[in-house]
Amino acid sequence: MIGNDVLMVSGTDEHGTPLLVQAEKEGVSVQELADRYNRVIVEDLVGLGLSYDLFTRTTTRNHYAVVQDLFRGLNDNGYMVKQVTSGAISPSTGRTLPDRYIEGTCPICGATDARGDQCDNCGNQLDPADLIDPRSKINGEAPEFIDTEHFMLDLPALASALETWLKERQGWRPNVLKFSLNLLKDIRPRAMTRDIDWGIPVPIEGWQDNNAKKLYVWFDAVVGYLSASIEWAWRTGQPDAWRKWWNDPEAVSYYFMGKDNITFHSQIWPAELLGYAGAGDKGGDAGELAGEQKNLNLPTEVVSSEFLTMSGSKFSSSKGVVIYVRDFLKEFGPDALRYFIAMAGPETTDTDFTWDEFVRRINSELANEWGNLVNRTVSMAHKNFGEVPQPGDFTHEDRALLDEAAKAFEVVGNALQNSKFKAGITEAMRIAGRANQYIAAMEPWKLAKDEQQRERLATVLYVALQVVSDVNTLMTPYLPFSAQKVFETLGGQGVWAAQPEVREVTDDSPREPVGVGLPSEGRTYPVIMGDYDSQQAVWKRIDMQPGVALSKPNPLFTKLDPELAVTGPEWAPVQS
C-alpha cells in the first residue's frame, strides 16, 4: 500500500514426522494425508484473506531440487560432516523411530512432554537420547538406541559468523534476539539426515538411492522460502525474478512465526545460508544459487510471536485443545479473528484465548466503536444528502480531527513497518474513537432539524465521512474484507483490497531432483496466488469528493450473543 515491491511466499511444511504418525493411525499413505491437509490449509488461508504471491508446499520437485542444491553446496564447503550417532528403534518391531515419535522429560527444563528433537516448553533442541525416561508415542515402550551414520551441519564452524550477524541485528523484538544469542552458548553439530523413508533424498552418491535415509525436516523446511520464491518466478514467466529479493543487498526480508520456530530461523537457516556462501570458519565457494554477488540474503528480521494458548494450554489438535479455522470462519467471518489476534494476540507475551475476551472485544470495540461509526456516519449522510455533501468552512474542531486522522498514517505506518501490529491497530481504533466523540459533540441529528444549519450539517458529515475513509485505509491491512465493504459504501467502485485465490497448478518445474521417492511429475496441487495489481488501496488520505453517491449501509459487524462468552460455540465449548 505504500508502494514497495513485495514478495510474500510460504507453503505447507510436509516432511515432519507428525504426518507419519497420523498416516499410520488412519491407515493411509503419508502423501495422501499431506495432500488432504495441504488443501485444507490453502483453503483456510484464503478464507482468512492472506494475500500470498505464492503459497506452495514442500513436496514439489522444485523444492526437492533447490534443497538438494543447498545441501551439495554446504557439503562441498565442508559444513556437512558424517558422524555416527545414536538412533532409536522400536524393540517390538525393529523399525526406526524418528525423533518426534519419541517423548520424554526434558533434561534442561523438566517438562514431561518434550519431543525427541525439541522441547516446546523451553525451546531447546534435543536428541532422543537426551530425554529422561524416553517413550514411543506409538505404543509407549522405551526405545532401544543403536549406532547409525548421519550428516551433521557443523554449526560450531559457523558460530562466529552467526554471532557476528546476530549482533548486527537492529530493531528485533528483545525476546527473540536474546533467545537467539543464547543459542550460541550450547552450539553443536546437528543431524540433518534421519533414518526415515519420508523426505528428500540425500544427494550424495551411496545415499541418494537409499530410501531409508532422508534429509531431515529441520534442513528442508526453511529452504521452502527460497524454493517458493524460485517457483513463483517460474510460474509468473520471469524465472530469474526471485533474485531481486535474494541477491540484492538492498532487499529486506521478514520471517513471521511462533517462538517455537525461532531456533530454525535465527540459527539453522542462517547457518545454511552462511555455509552455502562459504562464510564460515572453513571458507568455501558460493553455490550457483548465490549468484554473481555470492550471497543469498539472510533474514533482516525474525519476527516471532509468543504462544496463543487456550485455557492455559498450548493449542494442540492431538490433545483436543483446538479451534479449527473453518469452524471459526463459518460462524464469525475472517475480520473478527484478524482483529482479535492483532489487538489481543501474543505479540510479546503468551496470551490466553478466551471466548469471554473475544466477545468483549468484538462487541465493545469492533462493533460499537468502528462498526457503529461507519453505520451512523454514512446513514446520516445518506438520509440527509444521499451523497458526499459539499462542506462549508471548517471550524477549529473540524480541522483538529482531520489533522489528527492525517497524522495517523505515519503513526500506524511506522508501527506496521516495525512489526508492532497491536500498536498500529490501537492507533487506528483511537482515531475511530475520536470521530465518535466528534459526532457526539457536534450532534448532527439536531443540526438536521434546523434548515438554517444545513451547511453546518454538511460540513460535520463531510468531516466524519473523511475520517471514516481514513480509518478504513488504516484498517485495510488488518480488516481487508470489511475495508472493501466500507469502500463501496462510501461510493467506491472496483477492488479496494484484492483477495487471494486458490489456483490449481501442475508439478512440472524444469528443476530436476535426484534419488528415490521423488514427487511424481505432472501431478496437480493447489496454491495461493492473486491479482493484487488491480487493487486501489494506497497508504494515504483519499480526499472525499462531494457529489459521490453513498450507499445505504448495512451493519458492518454482527454483535455476538453475550451467552457465547459463558458457553463458547458447540464446536469449541468452554471447558469447566
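The values are calculated or read from the model by the stated rules, or taken from the named source; none is laboratory data. On a predicted model such as this, the values are computed, not experimentally measured, just so you know. Positions of Cβ are backbone-derived with ideal geometry, glycine not excepted, and every protein chain shown enters the neighbour counts. Surface areas here come from the heavy atoms of the whole protein model, side chains and all, with no ligands, DNA or RNA. Shrake-Rupley method; radii C 1.70, N 1.55, O 1.52, S 1.80 Å.
A simple spin-label model places pseudo-atoms 7 Å from Cα toward Cβ; at residue 211 and residue 253 they are separated by 3.4 nm.
Given a 1.4 angstrom probe, what's the average accessible area per residue across the chain, in square angstrom? Intermediate values should be presented prior to the final figure.
Details: 25490 Å² over 576 residues.
Normalised by residue count, the accessible surface of the chain is 44 Å².
At full extension, residue 135 and residue 521 could sit 135.1 nm farther apart than now, given 0.36 nm per residue minus the alpha carbon distance.
Among the listed pairs 449/552; 185/420; 259/294, which have their C-alpha atoms separated by more than 23 angstrom in this model? The answer is 185/420; 259/294.
Taking the Cα atoms only, what angle lies between the long axis of helix 480-489 and the longest principal axis of the chain, rounded to 10 degrees? Roughly 20 degrees, rounded to the nearest 10.
A Förster radius of 45 Å combined with the Cβ-Cβ distance from residue 82 to residue 311 puts the calculated FRET efficiency at roughly 0.45.
State the extension gain, in nm to one decimal, for the chain segment bounded by residue 4 and residue 44, taking 0.36 nm per residue of separation less the distance between their alpha-carbons.
Working: separation 40, 0.36 × 40 = 14.40 nm, distance 2.68 nm.
Gain in length upon complete extension: 11.7 nm.
When the pairs 82/167; 25/137; 214/314; 422/485; 82/214 are compared against a 21 Å limit on Cα-Cα distance, 82/167; 214/314; 422/485 fall above it.
Rounded to whole Å, give me the distance from the Cα center of region 241-266 to that of region 385-447. After rounding, the separation between the Cα centres reads 35 Å. Relative to the longest principal axis of the Cα atoms of the chain, the long axis of helix 17-26 makes an angle of roughly 90 degrees.
Projected onto its three principal axes, the C-alpha set of the chain covers 92, 59, 45 Å, listed from the longest axis down. In straight-distance terms, cross-link reach from residue 540 covers every one of the aspartates and glutamates whose alpha-carbon lies under 14 Å from its own, apart from those fewer than eight places away in the same chain; here that gives 403, 404, 410, 470.
When both region 123-190 and region 1-53 are represented by their alpha-carbon centers, they are found 25 Å apart. Enter the angle in degrees (range 0 to 90, nearest 10) between the Cα long axis of helix 396-417 and the first principal axis of the Cα atoms of the chain, meaning the one along which they spread out most. That works out to roughly 10 degrees. Extension gain for the segment residue 285 to residue 111, taken as residue separation times 0.36 nm less the Cα-Cα distance, is 58.4 nm to one decimal.
Classify region 1-88 as rounded, prolate or oblate from the Cα gyration tensor: take a ≥ b ≥ c as the square roots of its eigenvalues, call it rounded if a/c is under 1.5, otherwise prolate when a/b beats b/c and oblate if not. The shape class here is oblate.
Label-to-label distance for residue 395 and residue 241 is 5.3 nm, based on points extended 7 Å past Cα in the beta-carbon direction.
From the Cα gyration tensor of region 245-392, with a ≥ b ≥ c the square roots of its eigenvalues, which class applies: rounded if a/c is under 1.5, or else prolate if a/b is larger than b/c, or else oblate? It is oblate, given that a/c is not under 1.5 and a/b is not larger than b/c. Here the accessible area is traced with a 1.4 Å probe on the protein chains. For the chain, carbon and sulfur cover 48 percent of it.
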